[in-house]
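> Below you will find the structure I want to go over with you.
The values are calculated or read from the model by the stated rules, or taken from the named source; none is laboratory data. Predicted, not measured: the structure shown is a model, and the values here were computed from it. Cβ: placed from backbone, ideal geometry, glycine included. Neighbour counts: every protein chain shown. In case anyone asks, the SASA skips ligands and DNA or RNA and just uses the protein heavy atoms, side chains included. Shrake-Rupley method; radii C 1.70, N 1.55, O 1.52, S 1.80 Å.
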Amino acid sequence: MAPLVVLNVAEKPSVARSLAEVFSQSPGSVNRPMQREAAQIFVSENVKFPSVLRQGSGRPATGPDVAHTMITTSVRGHLASQDFGPQYGWSNCPPMALFDAPIETTYRDDMQPLMNMLKSKARSVGVLILWLDCDREGEAISDEVRTVCLEGNPRLNGKIFRAKFSTVLPQEIRRALRSLGRVNEHWVQAVQARSEHDLRVGAAFTRFQTLRLQKKFEGFSDRGVVSYGPCQFPTLGFVVERWARIETFVPEDFWSIEMSIRLNADGTVHNNQEGRDDDTPPQQQQQQQPPSLIMADSSSHGEVDSLGQSQHQ
């Protein structure tokens, strides 16, 4: 039986390279030369782990390791964007109409080569594994990659898996390969809802306040668009908060301790208490000996070289 061919898609080229390196380290794997199309493409044959077709629950897989041919590539963040159709341009409708206007999903021209590559590779594989970042935004990008690959190969429906990982360390990648899950549809819908809200509110209020100010103030039309966005006010709040903290800052004194530990010839820590003349008055001993600190992990003493006073700026 021929090994199952798997298309692995990462969110960025650096992650794809890390994945390919881990796959190439699988015992007995055979690596083909790297190809370059719209993105780098790596191929490793005879990569063994529990059959991907027996996974999907997100729990560690059981069963024998079987050979897979791993094709690995990447995207560069989001493939798609959302906007209103040309019939909803600035001069074609009032701002209020944007709250109910249909939203179209579009792909920029610079994304077309990447989409064509994904569709082409999807036609030659039997399984798709999505290695996008493990957050809500990564889940939404996973949905975009899934949509494009299904356009190229509808037979992938039901054979699309989601890898969950926090780092690209080899042990983490191997663990993810043995506990594949599915795309979290709730996270996808959450991102889509937020994106739609941002688009509708931002576009409607940007047009409303720009047109309103242009009519109210002479010469304002030459100043361009007055943008509004749900993210702009929180971001502005962060900037103002930081500015206010700097403006109201009051310097405070603080103390720093510099210390050193002297070692004997045999490598042991020199004890400053040894060899002290017990006849020396305690007050004079205190003047002769610098302050000492007890180390947290032993009973050895360290000498304080200096005490310095500074001020927070």
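> I'm trying to understand the selection: among the residues of region 90-129, which are in contact (Cβ under 8 Å) with a residue 12 or more places away in the chain, under 21 Å from Leu199 (Cβ atoms) and open to solvent by 60 Å² or more (accessible area, probe 1.4 Å)?
The answer is Trp90, Met96, Phe99, Pro102, Glu104, Thr105, Tyr107, Arg108.
> Got a number for residues in region 37-60 being among the hydrophobic types (A, V, I, L, M, F, W, C) and in contact (Cβ under 8 Å) with a residue 40 or more places away in the chain?
Count: 6.
> Taking Leu4, is it surrounded by 17 or more Cβ atoms within 10 Å (Cβ to Cβ) and in contact with a Cys (Cβ under 8 Å, 6 or more places away or on another chain)?
No, not satisfied.
One line per residue, one yes/no per condition, for (1) among the aliphatic types (A, V, I, L, M); (2) open to solvent by less than 10 Å² (accessible area, probe 1.4 Å); (3) assigned to a helix (DSSP H, G or I):
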site: Ser142; (1), (2), (3): no, yes, yes
site: Gln192; (1), (2), (3): no, no, yes
site: Glu196; (1), (2), (3): no, no, yes
site: Leu199; (1), (2), (3): yes, no, yes
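> Kindly list the number of the only condition in (1) out of contact with any Asp or Glu (no Cβ under 8 Å at 6 or more places or on another chain); (2) aromatic (Phe, Trp, Tyr); (3) closer than 24 Å to Val127 by Cβ; (4) assigned to a helix (DSSP H, G or I) that fails for Phe161.
It fails just one condition, (4).
> Just name the residue that is farthest from the chain's Cα centre (by Cα) out of those in region 1-38 that are under 18 Å from Val66 (Cβ atoms) and assigned to a loop (DSSP other than H, G, I, E, B).
Checking each candidate, the answer is Met1.
> Hey, does region 13-30 have a residue that's over 27 Å from Ala140 (Cβ atoms), touching a strand residue (DSSP E or B) at 6+ places or on another chain (Cβ under 8 Å), open to solvent by 80 Å² or more (accessible area, probe 1.4 Å) and not small (Gly, Ala, Ser)?
Yes - at least one qualifying residue is present in region 13-30.
> Output the number of the condition that Phe254 fails; it satisfies all remaining conditions of (1) in contact (Cβ under 8 Å) with a residue 24 or more places away in the chain; (2) outside any strand (DSSP E or B).
Just one mismatch for Phe254, condition (2).
Here's the yes/no breakdown for (1) assigned to a strand (DSSP E or B); (2) more than 18 Å from Glu151 (Cβ to Cβ); (3) modelled with pLDDT under 95; (4) of a type in the set (A, V, I, L, M):
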site	(1), (2), (3), (4)
Pro60	no, yes, yes, no
Met70	yes, yes, no, yes
Thr73	yes, no, no, no
Ser81	yes, no, yes, no
Asn92	no, yes, yes, no
Thr106	yes, no, yes, no
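> Further question: Among the small types (Gly, Ala, Ser) and modelled with pLDDT under 95 - does that describe any residue in region 159-172?
Scanning region 159-172 turns up at least one residue that is among the small types (Gly, Ala, Ser) and modelled with pLDDT under 95.
> Step by step: first the residues of region 148-161, then only those that are without any contact (Cβ under 8 Å) to a residue 40 or more places away in the chain and not hydrophobic (A, V, I, L, M, F, W, C), then the one that is nearest to Ser57 (Cα to Cα). Which residue is that?
Only one residue tops the list, namely Gly158.
> State whether one or more residues within region 46-54 are under 26 Å from Glu139 (Cα atoms), of a type in the set (A, V, I, L, M) and open to solvent by 80 Å² or more (accessible area, probe 1.4 Å).
Within region 46-54 (the criterion being under 26 Å from Glu139 (Cα atoms), of a type in the set (A, V, I, L, M) and open to solvent by 80 Å² or more (accessible area, probe 1.4 Å)), the answer is yes, since at least one residue qualifies.
> Follow-up question, since we're still on this one. May I ask you to list the residues in region 209-250 that are open to solvent by 60 Å² or more (accessible area, probe 1.4 Å), closer than 30 Å to Glu196 by Cβ, in a helix (DSSP H, G or I) and of a type in the set (Val, Ile, Thr)?
Within region 209-250, Thr235, Val239, Val240 meet the criteria.
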